[in-house]
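Enquirer: Below you will find the structure I want to go over with you.
What follows is calculated from the coordinates using simple rules that are stated; it is not laboratory data. What you see is a predicted model, and the numbers here were worked out from it, not measured in a lab. FYI the Cβ positions are ideal-geometry reconstructions off the backbone, even for glycines, and counts take in every protein chain you see.
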Amino acid sequence: MIIGIDLGTTNSLACVYRNGHTELIPNALGEYMTKSAVSVLEDGTVLIGTAAKERLFLHPEQTAVSFKRWMGTERAVRLGGEAASKQFLPHELSALVLKQLYEDARRYLGEEIEEAVISVPAYFDDNQRNATKLAAQLAGIPVKRLINEPSAAALKYSLNLSDRDCRLMVIDFGGGTLDVSIVECFENIIEIIAIAGDNRLGGDDIDRAVAEYFCKANSLSMERLPAKQKESLIRQAEAAKKALSEDIDSQASKKILLQESYGAVPEAMSSESAPPVIRLTLEKTYELSLDKSLLRKICQPYLNRIKAVIGRAVRDSRLTPDALDDIVLVGGSARLAVLGDYLEELMGRRPVLTGRPDYMVAEGTGICAGIKSRREELRDVVMTDVCPFSLGIAVCNDERDQIPHMAVMIARSSMLPISRKETFYTLHDGQTCIRLEIYQGEEYYVSENRKLGEMMMRVPPGAAGEHSVEVAFAYDINGILHVDAKASGGDCQETVIVNPKVQLGEEELWKKVEELKRLPYAAEGNQEDFLYIAKAERMYAELIGREKEQAGKLLDTYRQVLRQANLIEFQKMRKYARTQIEAWEAYVNANPWQNQDAEAYTDEGEIE
């Protein structure tokens, strides 16, 4: 069985193509979306997914999120308690998420997974793509195919159309990345003709911008807030953003509150007018009214960046916006109302939000997996892709030239796979080696582009220009760059351009796989227990007065349940405790202005 995986910044999903359609694979909690979060408990137990994300509020030092943004780098985080802390690189954290998806898929499908197709942002470079493949290796998943996220979404969207003769713009706006693709469809052919993107732009940036605006408006320093308070502020800023997006016709003001003391609490408001609430415990109460107009102001710098990416894709496609049949919004942040409004102003039409935009990429990877599996109904489907950025060599015009510039070997938007050959000559008399520096980017001077790697080629001494090296670039369908070089003196090299930190030898790879296998993971049946305990702990931290007392009792009760030896009593008590925690959570969400005298209690102090 071949499956598709959308390895996202915020959420990750797995999908399979069978019985003529895509089928999303639920995780152990019955959810299709697994949070891209990893948390390590004091005893070293590893949590992955929703339970891990829930612990971010109270245990930010033990929890990692948004690590996809750092793929291909050496940015490490240390997680766990003092006695069981461990350092993780971004691709190792991603491997843990992939391993969870793999195990969930194997359990759900009831068979072994032979291979996976994994989606990556279109603007991921070679280091990031190779880091993704390494993460899959560490998770024990064979991966031969990477697919660009907007290409996967375009594949899913286009196959649902009755008229497949069309041109689309697919805007994939996720938690941490933005990709824009221009796609041409004709019958069963889906051709990507232009791509642009920004790997540092997503919904997470807007959440943080709202939180930073809140701090600025109230003369607070975001960076000086304690870690727990900062995380609470960002989490509830996200909730306020979503509230405005979910009720896009409402002109009612949404409020964010930062409570900094256990002093007087405002009178309870009716549930009809209750605003989203952010509450932290410091010294006094701050308040910010957030409406669509203010959210648009906060988002404007990011909307301008989105406009620049769209403009680059449109220019490369040599099409005008009028030539596009549809503008399709996908990704976890696609529902942002101010984004839809802005795109309507910019493009002259409302973008399409079809089905579940946060599922589109995963379903596209599932279709790609179906194509690789040679499913009969997908046998004639053909999809092409393009190179998202220019690739080239650093060169100088002559001996006096002190500033190397870019000799482009493969231009951006070239159709994949593609290969090019060029010959480069010695610059100085007596030169015995030629350094080949490989760059990606669009600027003339290489210092303004991104260096991917270098190769040293030996040549016999001679006059300037007497000896040369023939360089071949091959950029494959997965977006991986292969470089071959042959010097006139006979020196040869072949390499895949990767960061050495994400290229492990066979022995080192085996050791790392075994190391990750030995980590103590939460058992499948215990994952929900960890989630409910994390929820109860968070509510205890957020509440005050009688409510805090009751939350503490409920937390104690749940911990006692887990020590219950009698199976029937265990199941009864656990069901009761979970019901109470769910009621608490619903109560807190529906009544953000808490009141010690709220009528939510029975005589026994429990929620009715």
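Enquirer: Roughly what would the spin-label model give for D291 and R78, points 7 Å off Cα along C-beta, in nm?
Expert: Calculated label separation equals 4.9 nm.
Enquirer: Counting other Cβ atoms within 10 Å of each Cβ, which chymotrypsin sites (Phe, Trp or Tyr not before Pro) in segment 385-449 have at most 14 and sit in a DSSP loop?
Expert: Within segment 385-449, the qualifying chymotrypsin sites (Phe, Trp or Tyr not before Pro) (loop, at most 14 other Cβ atoms within 10 Å) are Y444.
Enquirer: Same structure, new question: For K86 and R400, calculate 0.36 nm times their separation in residues minus their Cα-Cα distance, and state this gained length in nm to one decimal.
Expert: Computed gain between K86 and R400 is 107.9 nm.
Enquirer: With r defined as the distance between the Cβ atoms of R450 and R559 and R0 fixed at 30 Å, what FRET efficiency is calculated, to the nearest 0.05?
Expert: Efficiency, from the Cβ-Cβ distance: 0.05.
Enquirer: If you don't mind, another one. Go through segment 365-381 residue by residue and turn each phi into a ³J(HN,Hα) via Karplus (6.51, -1.76, 1.60, θ = phi - 60°); whole Hz please, and just put x for glycine and proline.
Expert: Rounded to whole hertz, the list is 5, x, 5, 4, 5, x, 5, 5, 7, 6, 5, 4, 6, 10, 4, 8, 6.
Enquirer: Same structure again: Greater than 24 Å separation of Cα atoms is the criterion. Which listed pairs, K53/K307; K53/K297; K86/K517; K144/K307, meet it?
Expert: The answer is K53/K307; K53/K297; K144/K307.
Enquirer: Place a point 7 Å from the Cα of R107 along the Cα-to-Cβ direction; which residues of segment 5-49 have their backbone N under 11 Å from it?
Expert: 26-31
Enquirer: Which of rounded, prolate, oblate describes segment 416-500, given a ≥ b ≥ c as roots of the alpha-carbon gyration tensor eigenvalues and a/c under 1.5 marking rounded, otherwise prolate only if a/b is larger than b/c?
Expert: Prolate, because a/c is 1.5 or more and a/b exceeds b/c.
Enquirer: Additional query: Under 1.5 on a/c is rounded, so check that first for segment 292-435, then, if it is not, pick prolate when a/b is larger than b/c and oblate when it is not; a ≥ b ≥ c are the square roots of the alpha carbon gyration tensor eigenvalues.
Expert: Because a/c hits 1.5 or more and a/b fails to exceed b/c, segment 292-435 counts as oblate.
Enquirer: Right, next: Tally the DSSP beta bridges in segment 376-510 and give the antiparallel ones as a percent, rounded to 5.
Expert: Of the beta bridges lying entirely in segment 376-510, close to 100 percent run antiparallel.
Enquirer: Once a ≥ b ≥ c are taken as the square roots of the eigenvalues of the Cα gyration tensor of segment 54-203, is the result rounded (a/c under 1.5), prolate (a/b larger than b/c) or oblate (a/b not larger than b/c)?
Expert: Verdict is prolate for segment 54-203.
Enquirer: Counting other beta carbons within 10 Å of each Cβ, put R349, R296 in order, fewest first.
Expert: R349, R296
Enquirer: Counting other Cβ atoms within 10 Å, keep those with at most 16, restrict to DSSP loop, and tell me which trypsin sites (Lys or Arg not before Pro) in segment 137-238 are left.
Expert: Taking segment 137-238 and a limit of 16 other Cβ atoms within 10 Å, the loop trypsin sites (Lys or Arg not before Pro) found are K144, R164, R200, R224.
Enquirer: Another one. List every residue whose amide H lies under 5 Å from the amide H of L452, counting only residues 5 or more places away in sequence or on a different chain, with H placed 1.01 Å from N in the peptide plane.
Expert: I438, Y439, Q440
Enquirer: What relative contact order, as a whole-number percentage, does the chain give when Cα pairs under 8 Å and 6 or more residues apart are counted?
Expert: 15 percent
Enquirer: Separate question: If you rank S36, S293 by fewest surrounding Cβ atoms within 10 Å, what's the result?
Expert: S293, S36
Enquirer: Mean residue ellipticity at 222 nm from the helices of the chain, using -39,500 (n - 2.57) per DSSP H segment of n ≥ 4 over the full residue count, to the nearest 500 deg cm²/dmol?
Expert: The helix contribution divided over the chain gives -11000 deg cm²/dmol.
Enquirer: Order by neighbour count: D385, D6, D198, D380, fewest other Cβ atoms within 10 Å first, most last.
Expert: D380, D198, D385, D6
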